[in-house]
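Take a look at the structure set out below.
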Amino acid sequence: MTRKPSISYYTILGVSRHYSNRGSAYYNKGEIEKAIADFTQALKINPEDAEAYYNRGSAYYNKGEIEKAIADFTQALKINPEYAPAYNNRGIIYSDKIELEKAIADFSRALKINPELAQAYANSGIAYSKLGDKQQAIQDFKKPVKLFAEQGDTANQQKVSELLKQLQQD
């Protein structure tokens, strides 16, 4: 009786990572359908890959498939409850849908995990502004101005500075 060689777990993970990496390249080139296909293939190989769910969720969001994006971000968080960017991105969707309490809860969770996540402060400020809580919005906008400066992200620093100035003038 001949035995077939077994495929190691690490080989399988490597194949999954290949699809995820290629999916990310497609996403960055704006080839969203190909990105989704590769992230989906990666998840067929390794259904416990939180990053692949996160990336596919981002691609779905970019494509306008909001419910699929929420489902993927939620699945990423089931696999890795400490994945701050998934909370941030899901919060963005909730904010877009004017589900502001859910959005703020997700931004708060992201910041509890990673207090240096400047984008989550900015997004929280936007949500509080939509909610009509000007003081909390101003407080949240002050933090990312400093963090974006420290991180060398002048484009986002300027955007948030403008939002902050507008709120302070109103």
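The values are calculated or read from the model by the stated rules, or taken from the named source; none is laboratory data. Everything numeric in this text was worked out from a predicted model, so none of it was measured. In this analysis, Cβ positions are derived from the backbone assuming ideal geometry, glycine residues included, and neighbour counts consider all displayed protein chains.
Working carefully through the options S161, S95, S124, find the one that is surrounded by fewer than 21 Cβ atoms within 10 Å (Cβ to Cβ), in a helix (DSSP H, G or I), modelled with pLDDT of 90 or more and of a type in the set (G, A, S).
Going through S161, S95, S124 in turn, the sole match is S161.
In the stretch 37-54, which residues are of a type in the set (A, V, I, L, M) and either in contact with a Lys or Arg (Cβ under 8 Å, 6 or more places away or on another chain) or at pLDDT 95 or above (or both)?
A37, A42, L43, A50, A52
Considering each of A110, A137, A118 in turn, give the residue that is crowded, with 20+ Cβ neighbours inside 10 Å, within 16 Å of R90 (Cβ to Cβ) and in contact with a helix residue (DSSP H, G or I) (Cβ under 7 Å, 6 or more places away or on another chain).
Result: A110 is the single residue among A110, A137, A118 that is crowded, with 20+ Cβ neighbours inside 10 Å, within 16 Å of R90 (Cβ to Cβ) and in contact with a helix residue (DSSP H, G or I) (Cβ under 7 Å, 6 or more places away or on another chain).
Which condition does D106 not pass, out of (1) assigned to a helix (DSSP H, G or I); (2) more than 21 Å from N156 (Cα to Cα), if it passes all the others?
So the condition that D106 fails would be (2).
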